[in-house]
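To keep things clear, I will list the structure first and then write my remarks on it.
The values are calculated or read from the model by the stated rules, or taken from the named source; none is laboratory data. Everything numeric in this text was worked out from a predicted model, so none of it was measured. Ideal geometry is used to build each Cβ from the backbone, glycine not excepted, and the neighbour counts take in all protein chains shown. These area figures cover heavy atoms from the full protein model, side chains too; ligands, DNA and RNA do not enter into them. Shrake-Rupley method; radii C 1.70, N 1.55, O 1.52, S 1.80 Å.
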Amino acid sequence: PTVTSPCKILKCNSEFWAATSGSHHPGAEEAPEFCTALRAYAHCTRRTARTCRGDLAYHSAVHGIDDLMVQHNCSKDGPTSQPRLRTFPPGDSQERSDSPEICHYEKSFHKHSAAPNYTHCGLFGDPHLRTFTDTFQTCKVQGAWPLIDNNYLNVQVTNTPVLPGSSATATSKLTIIFKSFQECVDQKVYQAEMDELPAAFVDGSKNGGDKHGANSLKITEKVSGQHIEIQAKYIGTTIVVRQVGRYLTFAVRMPEEVVNAVEDRDSQGLYLCLRGCPLNQQIDFQTIRSAQATEGRARRKGPSLPAPPEAFTYETATAKCREKLPVEDLYFQSCVFDLLTTGDVNFMLAAYYAFEDVKMLHSNKDKLHLYERTRVLTPGNMAPTGTHPTLWVALLCLCWLCLL
């Protein structure tokens, strides 16, 4: 079934962008038309306010409209018809290429300083999470969850059920907020939804705004409607967002210094990329994988899942995943898991592209493949991840024999 968001803020944003072409500093003769577009923009946001209460892009747009109204002395009362389209003048900030050194993270390091240590986080499929510490988890996390939240940016994902009555979820919405930073960038919001992967921020711009270092934040469209890349050079960060089938994947490369730049360290456990999914949201991947091999399809705790539209057996799912993922690591196992759970072959491509992003973004090429699921353990359960209890017993017996 088609899953669509009732919040229409992306439509409001695109209409405003079409009317103004993103120029927020019109000449005096054009100011009335700009104010008309702003009033139309505000009217559009009011129409969708009820369904956008929890939407970060909506609240950013509302505050942005108020600021622009004040900056350009626009009255809230007046016509709201759409003005003519505008085009960029030569030399507009959208084309600015010069940036101060402070807006280039790597250049700001002294020559004799140690190079920054980069980390990677990715989210894909049903959904599978690889954290900044290379922990790999399969999670439920239905609804909206914070993926990253530090002093420089926020990333929030929304996961929705893939099939009616199923606990299988996938990412249907992604919101990224880049916070205003010194002389480099203005606050910018990027938002993607199912079947809508824009190549611009919600205000229609493709860089960091009107500050001197605007091009230290830039969006590049790699494949129309399928693959975009965001370079945030001022914080040494690269973000890749893809739409595979009807769902989104996310991957990021970020310096450890930026990852750990948070004011409230007590709340770090809430951020999935940093600490992983809560224990009650994690799925016992290996137990289900064993069931898949013997039963022919995934079964989770509780009622049986509805049969997927295209039935895969364990053997056919394994053969299909091997076409794109020849190494039987956790990306391969995730692929098999998702095919059996959803019956959607696009989840195979999601796992494939997730691993392609790891190859591009991960700084340690020896850690590209992961072979064993890991999870955050509670203090009362501190056995090394993946170690079977019977192995511990065998090791203890061996130690006693050595002592004897």
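Please verify whether the stretch 23-45 includes one or more residues that are modelled with pLDDT of 80 or more, more than 17 Å from Asp203 (Cβ to Cβ), not in a helix (DSSP H, G or I) and not assigned by the TED database to the domain that holds Ser180.
The answer is no, given that none of the residues of the stretch 23-45 is modelled with pLDDT of 80 or more, more than 17 Å from Asp203 (Cβ to Cβ), not in a helix (DSSP H, G or I) and not assigned by the TED database to the domain that holds Ser180.
Picking from Pro198, Pro255, which residue would you name as being open to solvent by 30 Å² or more (accessible area, probe 1.4 Å) and outside the structural domain of Cys12 (by the TED database)?
Pro198
Identify, from the list Gly209, Gly236, the residue that is in contact (Cβ under 8 Å) with a residue 40 or more places away in the chain, of a type in the set (Gly, Ala, Ser) and farther than 23 Å from His120 by Cβ.
Gly209 is the lone residue from the list that is in contact (Cβ under 8 Å) with a residue 40 or more places away in the chain, of a type in the set (Gly, Ala, Ser) and farther than 23 Å from His120 by Cβ.
Being under 30 Å from Asp344 (Cβ atoms), of a type in the set (Val, Ile, Thr) and in contact (Cβ under 8 Å) with a residue 60 or more places away in the chain narrows it down to one of Val262, Val244, Val258, so name that one.
On the way: Val262 fails: under 30 Å from Asp344 (Cβ atoms); Val258 fails: under 30 Å from Asp344 (Cβ atoms).
Result: Val244 is the single residue among Val262, Val244, Val258 that is under 30 Å from Asp344 (Cβ atoms), of a type in the set (Val, Ile, Thr) and in contact (Cβ under 8 Å) with a residue 60 or more places away in the chain.
Within the stretch 204-244, which residues are among the hydrophobic types (A, V, I, L, M, F, W, C) and in a strand (DSSP E or B)?
Leu217, Ile219, Val223, Ile228, Ile230, Ala232, Ile239, Val240, Val241, Val244
For the stretch 370-388, state whether one or more residues are at pLDDT 90 or above and under 27 Å from the mean Cα position of the chain (by Cα).
yes
Kindly indicate whether Tyr234 is of a type in the set (Phe, Trp, Tyr), out of contact with any Lys or Arg (no Cβ under 9 Å at 6 or more places or on another chain), over 17 Å from Val202 (Cα atoms) and open to solvent by 20 Å² or more (accessible area, probe 1.4 Å).
Against the criterion (of a type in the set (Phe, Trp, Tyr), out of contact with any Lys or Arg (no Cβ under 9 Å at 6 or more places or on another chain), over 17 Å from Val202 (Cα atoms) and open to solvent by 20 Å² or more (accessible area, probe 1.4 Å)), Tyr234 does not qualify.
Restricting the search to the stretch 244-296, which residues are modelled with pLDDT under 80 and of a type in the set (S, T, N, Q)?
Across the stretch 244-296, the qualifying residues are Ser267, Gln268, Gln286, Thr287, Ser290, Gln292, Thr294.
Can you tell me which residues in the stretch 161-186 are at pLDDT below 95, more than 23 Å from Phe337 (Cβ to Cβ) and crowded, with 17+ Cβ neighbours inside 10 Å?
Those that are at pLDDT below 95, more than 23 Å from Phe337 (Cβ to Cβ) and crowded, with 17+ Cβ neighbours inside 10 Å: Phe181, Cys184, Val185, Asp186.
Would you call His59 over 33 Å from the mean Cα position of the chain (by Cα) and at pLDDT 80 or above?
No; evaluated as a whole, the condition is false for this residue.
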